Amino acid sequence: MEGLEPEAQAAVDSAVSAARAAFTAPVSLADRTERLDRLEAMVRERADDFLEALALDLGKHPTEGWTTELGTVLAEIGHLRKLLPEWLRPRKVPAAGSLAPSRSWVENQPLGTVLVIAPWNYPVQLVLSPLAGALAAGNTAVVKPSEVTPHVAKVLVSALRDYLGDVVGVVTGGVPETTRVLQHRFDHVFYTGNATVGRVVMRAAAQYLTPVTLELGGKSPVWIDDTVDLGTAADRIAWAKFLNAGQTCVAPDYVMGPPEVLTRLEPLLVAAIRKLYGRNPAESESYGRIVTERHLSKLTDLLADVAAEDVVTGGARELSQRYLAPTVIRSAVDGPFMRDEIFGPVLPLVPVEDHHAAVGTINSGEKPLALYVFSEDDDVRTAFRGETSSGGLVLGAALVHLAHPQLPFGGVGESGIGNYHGEYSLETFSHPRAVLDKPLAPDTLKVIYPPYGPLKSRLAKIALGAPAPSTVVRKLLNR
């Protein structure tokens, strides 16, 4: 392959081959639990290495690293392990009268070998959380960490080799390595990233009819009105937006509200940012950094198109430090930051007439991964629930729905395909096999065997739920 040395090709091929060879069925509950135990031990025992790597790659404070990366993974593992015995029990289904006597159930089977391609913004969580689901479902896996966070990738390679090397392979590198690994056949491909690459992944999977889960993104909007405590709402919006320096797929992308409400919200957001990161966020250990200078340059180029009087707060940047201050701007619906997902610490405030106009704005674009509504008005809440489509909807907060272990996480349309977390991970990485057990005696199936005649026609139709024939039909059948 052009751009990929033979040794690198061989390394990719070897990782895939080893993972496929490691899969054998059946996979017992004990084996699945033991693999989850090893994954948990890896996270706990290599925690310092992961936290140091997160600080180097993204400027993450150890507390943020724990809450948004390692702790999230450990919570996912614990939830899976606790409920896995229940989820793996064959699920009985009601008997079908037309097939009596018989009994039926559904049993979850592992798919085989899963490919997990992860992004850079949460480079530990978004490798290990889907991996936990894949292992709980009984699969082996190949994981591809992002090359954009090289320190985290290095720790993942070492840790996964030491703790789960018998069932998990790791492929590192950039586009050439990803292209190579996608040429292999997998039983499921799980990709987190942007829609452009998502289409590439889907095309590659199509050649083998491989099912995919695409966790993408989009512009997750916020609606706010004067029925809520604006100060508390500002605190929640600011935290959710500027966590990880805005590099979160479900971060609030922009805020819509009536003009007078946004005017009142502006100083409250400024105050919220100061409470979170102090007067100079550049000096705050709690505020992260943009992942690369290239990503920062894209944001600053857009900021150059924003008039100075429309910058409510922030805008300071230092390219060599990969720093961009938490920034709030005033924007029109068609402003420079309204075309694509921002994926950085810039929050546009977009005035609209009312919630109907906000619903129209949302519905005029692609379906977002998340939608956040700050309103105590039941009619407003009902409108957003009933008239919009999004991967998730949170009323009165932002971002926190990811922490609920029993809620599915996933997008719709351009923001993704499929779900995971908890039981939804088990469903994603399993095949629900239908099983029907019908005894040979009595042989009730013979009523549908040829040769056909009036009696068998009547019996077959009655058995399959057809209404009793009318007098005219009975005469026709008896001819």
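The values are calculated or read from the model by the stated rules, or taken from the named source; none is laboratory data. Keep in mind the model is a prediction, meaning the values are calculated, not measured. All Cβ positions, even for glycine, are placed from backbone atoms using ideal geometry, and neighbour counts span all protein chains on display.
Yes or no, residue by residue, for (1) over 24 Å from R185 (Cα atoms); (2) in contact (Cβ under 8 Å) with a residue 40 or more places away in the chain; (3) in the same structural domain as L84 (by TED's automatic domain parsing); (4) within 26 Å of the chain's Cα centre (by Cα):
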{"position": "A18", "(1), (2), (3), (4)": "no, yes, yes, no"}
{"position": "A30", "(1), (2), (3), (4)": "yes, no, yes, no"}
{"position": "T33", "(1), (2), (3), (4)": "yes, yes, yes, yes"}
{"position": "R38", "(1), (2), (3), (4)": "yes, yes, yes, yes"}
{"position": "E52", "(1), (2), (3), (4)": "yes, yes, yes, yes"}
{"position": "A55", "(1), (2), (3), (4)": "yes, no, yes, yes"}
Condition met for K298 (modelled with pLDDT of 95 or more and within 20 Å of L399 (Cα to Cα))
no
Residues satisfying the stated conditions in the range 411-443, i.e. touching a residue at least 60 places away in the same chain (Cβ under 8 Å), part of a loop (DSSP other than H, G, I, E, B) and on the phi < 0 side of the Ramachandran plot:
G411, N419, F429, K438, P439, P442
Index of the failed condition, P62 passing every other in (1) in contact (Cβ under 8 Å) with a residue 24 or more places away in the chain; (2) over 22 Å from E293 (Cα atoms); (3) surrounded by fewer than 18 Cβ atoms within 10 Å (Cβ to Cβ); (4) in contact with a helix residue (DSSP H, G or I) (Cβ under 9 Å, 6 or more places away or on another chain):
(1)
Mind checking whether some residue in the range 338-350 is free of Cβ contacts under 8 Å to residues at least 60 places away in the same chain and not aromatic (F, W, Y)?
yes
For the range 291-321, which positions are over 18 Å from D57 (Cα atoms), small (G, A, S) and in contact (Cβ under 8 Å) with a residue 12 or more places away in the chain?
G314, G315, A316
Residue that is farthest from the chain's Cα centre (by Cα), among those in the range 255-280 that are surrounded by fewer than 19 Cβ atoms within 10 Å (Cβ to Cβ) and among the β-branched types (V, I, T):
T263
Scan D437, D378, D443 and give me the residue that is out of contact with any strand residue (DSSP E or B) (no Cβ under 8 Å at 6 or more places or on another chain), surrounded by fewer than 21 Cβ atoms within 10 Å (Cβ to Cβ) and either hydroxyl-bearing (S, T, Y) or not assigned by TED's automatic domain parsing to the domain that holds A245 (or both).
D443
Single residue of the range 311-324 satisfying the filter (of a type outside the set (A, V, I, L, M) and surrounded by fewer than 15 Cβ atoms within 10 Å (Cβ to Cβ)) that is nearest to L262 (Cα to Cα):
E318
Condition check: buried (at least 20 other Cβ atoms within 10 Å of the Cβ), within 26 Å of G78 (Cα to Cα) and not polar (S, T, N, Q). Does A205 satisfy that?
no
Filtered residues of the range 304-328 (kept if in a helix (DSSP H, G or I) and not hydroxyl-bearing (S, T, Y))
A308, E309, D310, L319, Q321
What is the number of the single condition among (1) crowded, with 21+ Cβ neighbours inside 10 Å; (2) within 30 Å of G360 (Cα to Cα); (3) free of Cβ contacts under 8 Å to residues at least 60 places away in the same chain that T196 does not meet?
(1)
Restricting attention to the range 147-182, the residues that are in contact with a Pro (Cβ under 8 Å, 6 or more places away or on another chain) and within 24 Å of L426 (Cα to Cα) number exactly 2
Of the residues A55, A25, A21, A30, only one is at pLDDT below 95, among the small types (G, A, S) and surrounded by fewer than 19 Cβ atoms within 10 Å (Cβ to Cβ); which?
A25
Which listed residue is in contact (Cβ under 8 Å) with a residue 24 or more places away in the chain, surrounded by fewer than 24 Cβ atoms within 10 Å (Cβ to Cβ) and touching a Phe, Trp or Tyr at 6+ places or on another chain (Cβ under 8 Å), from P85, P90:
P90
Return the total of residues in the range 3-13 being in contact (Cβ under 8 Å) with a residue 12 or more places away in the chain and surrounded by fewer than 14 Cβ atoms within 10 Å (Cβ to Cβ).
1
